[in-house]
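Structure record follows, encoded as structure tokens.
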Amino acid sequence: MFYVKRTIREKFLKSLVPNKVLLLLGARRVGKTEFLNHLVTDLKESILLLNGEDLQTVDLLKERSIANYKRVLDAYDILIIDEAQKVPDIGNILKLIVDEIKSIKIIATGSSAFDLSNKVGEPLTGRQITFRLFPIAQMELSPKESHIQTMADLEERLVFGTYPELLQINNREDKMTYLNNLISSYLYRDILEHENLKKANKLIDLLRLIAFQVGQEVSLENTAKTLGISKNTVERYLDLLSKVFVIYELRGFSRSLKSEITKMSKWYFFDNGIRNALIASFNPLNLRNDIGQLWENYLFAERIKFQTYTNLYSNNYFWRTYEQQEIDWVEEREGNLFGFELKWKGKTSQKPPPKWIKTYPEAHFKLIDSSNYLDWILPG
């Protein structure tokens with residue numbers, strides 16, 4: 001059975017201690033359950049594994065009393081609740097368990113940050129450690145493949161993405177079917193349930209507009225007008241979509257110039273396959289006119305995975321002026337600025353924009369292209 005060892009594994013195991021709740025968050029189908037199943041096989045302690053979508057789990061936990069939880073957990077060292085956000089009042093339940101049963105170790109997973117984190121976050125202040133899981137990262141694939149294989153599979157990943165199940169599918173038609181099923185059956189489920197929406201039409205239309213505008217500033221007013229909904233609704237939907245790890249926001253960077261653009265954001269997808277499924281385009285690169293967008297989206301997603309998994313704490317932005325001088329990706333970390341320009345096929349050398357040099361003379365700058373991109377998304 002094909003399985004990619006996830007980067008968070010060792011750190012996750014070290015963090016599994018009594019009186020702490022490990023929260024594992026990520027989009028649907030990124031491999032949270034599979035990660036837990038492989039984890040369980042290596043743990044020597046006794047484990048109670050529950051699923052929050054199972055009504056028996058809800059019934060087992062709904063009596064919020066110390067006596068009930070001691071009775072349920074008496075024979076176990078570890079409690080694991082998959083899809084924990086489905087359990088009503090889960091935050092207070094876990095708080096009571098972790099406070100009163102001193103030896104218990106707890107893992108809770110959830111596919112929606114807005115649901116699980118809000119219900120768990122406040123009750124578990126100081127009692128939780130949060131991990132995020134994404135579609136498979138290149139840093140997780142590299143230990144299993146040669147550099148030649150990585151370069152050979154790059155186009156496939158730019159077009160179809162890296163969802164774990166998809167990497168096990170060899171047939172092109174089956175890959176397209178998988179991604180189409182994913183966006184129609186799973187991608188919006190949490191939002192539809194959370195918002196009690198009967199139809200996902202506007203949500204899907206919004207995502208399609210975002211998919212076509214990858215790499216461009218998105219006007220909320222124009223988007224709202226196009227969709228026939230209010231600007232507030234657009235903002236709310238974008239916020240929800242980011243909280244279920246479908247898209248993420250990149251804001252404009254500015255410290256001093258009035259000419260720097262900061263009012264509009266750019267939006268990117270955590271997976272290229274999702275983006276391409278939304279616009280119904282799985283053509284090979286030689287038949288596409290959006291290779292720049294694919295490359296930018298892929299690298300940005302991989303960079304976020306890299307930052308998250310290696311604890312590289314950074315504020316991420318794009319930079320652009322009204323005179324059309326721009327830098328694709330800016331990192332603000334450790335008191336320094338790092339600018340990165342992304343090109344599919346870059347020049348042998350490229351200087352940063354003149355206004356960037358003048359305004360931020362101490363900032364670093366680097367061109368990232370298909371010849372050196374692995375240095376940017378792999379550790380060491």
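Would you please list the contacts, defined by Cβ atoms under 9 Å and residues six or more apart or on different chains, that run from a residue in region 41-61 that is in a strand (DSSP E or B) to a residue that is among the hydroxyl-bearing types (S, T, Y)?
Close Cβ pairs (under 9 Å, with a partner that is among the hydroxyl-bearing types (S, T, Y)) amount to I47/Y76; L48/Y76; L50/T57; N51/T33; N51/T57.
Do we have I327 as within 18 Å of E217 (Cα to Cα) and either touching a strand residue (DSSP E or B) at 6+ places or on another chain (Cβ under 6 Å) or not in a loop (DSSP other than H, G, I, E, B) (or both) here? Lay out the reasoning, then the answer.
Values: within 18 Å of E217 (Cα to Cα): yes; either touching a strand residue (DSSP E or B) at 6+ places or on another chain (Cβ under 6 Å) or not in a loop (DSSP other than H, G, I, E, B) (or both): yes.
Against the criterion (within 18 Å of E217 (Cα to Cα) and either touching a strand residue (DSSP E or B) at 6+ places or on another chain (Cβ under 6 Å) or not in a loop (DSSP other than H, G, I, E, B) (or both)), I327 qualifies.
Return the residue satisfying two criteria in turn: it lies in region 266-309 and is β-branched (V, I, T) and in a helix (DSSP H, G or I), and of such residues it is nearest to Y163 (Cα to Cα).
I274
Yes/no matrix, rows are residues, columns are (1) hydroxyl-bearing (S, T, Y); (2) surrounded by 17 or more Cβ atoms within 10 Å (Cβ to Cβ); (3) under 21 Å from the mean Cα position of the chain (by Cα); (4) at negative phi:
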| position | (1), (2), (3), (4) |
| --- | --- |
| V159 | no, yes, yes, yes |
| Y178 | yes, yes, yes, yes |
| I191 | no, yes, yes, yes |
| N201 | no, no, no, yes |
| V214 | no, yes, yes, yes |
| S219 | yes, no, no, yes |
| K243 | no, yes, yes, yes |
| G252 | no, yes, yes, yes |
| R255 | no, no, no, yes |
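Does any residue in region 104-129 that is in the same structural domain as V40 (by TED's automatic domain parsing) come within less than 9 Å, Cβ to Cβ, of a residue that is of a type in the set (G, A, S) and at pLDDT below 70 six or more places away or on a different chain, and which pairs are these?
Listed pairs, sorted by first residue: G110/S117; Q128/G121.
Here is a list: D82, D153. Which entry is within 30 Å of S281 (Cβ to Cβ) and free of Cβ contacts under 8 Å to residues at least 60 places away in the same chain?
Result: D153 is the single residue among D82, D153 that is within 30 Å of S281 (Cβ to Cβ) and free of Cβ contacts under 8 Å to residues at least 60 places away in the same chain.
Please work out which residue is nearest to the chain's Cα centre (by Cα), limiting yourself to region 257-273 and to residues that are crowded, with 22+ Cβ neighbours inside 10 Å and in contact (Cβ under 8 Å) with a residue 60 or more places away in the chain.
By that ranking, first place goes to F270.
Does N68 count as farther than 30 Å from D153 by Cβ, part of a helix (DSSP H, G or I) and at pLDDT 95 or above?
Taking the combined requirement at face value, the residue satisfies it.
Consider region 313-324. How many of its residues are of a type in the set (G, A, S) and in a strand (DSSP E or B)?
So the answer is 0.
The values are calculated or read from the model by the stated rules, or taken from the named source; none is laboratory data. Treat the numbers as computed from the prediction; the structure is a model and nothing was measured. No Cβ is skipped: glycine too gets one built from the backbone with ideal geometry, and neighbour counts run over all protein chains shown.
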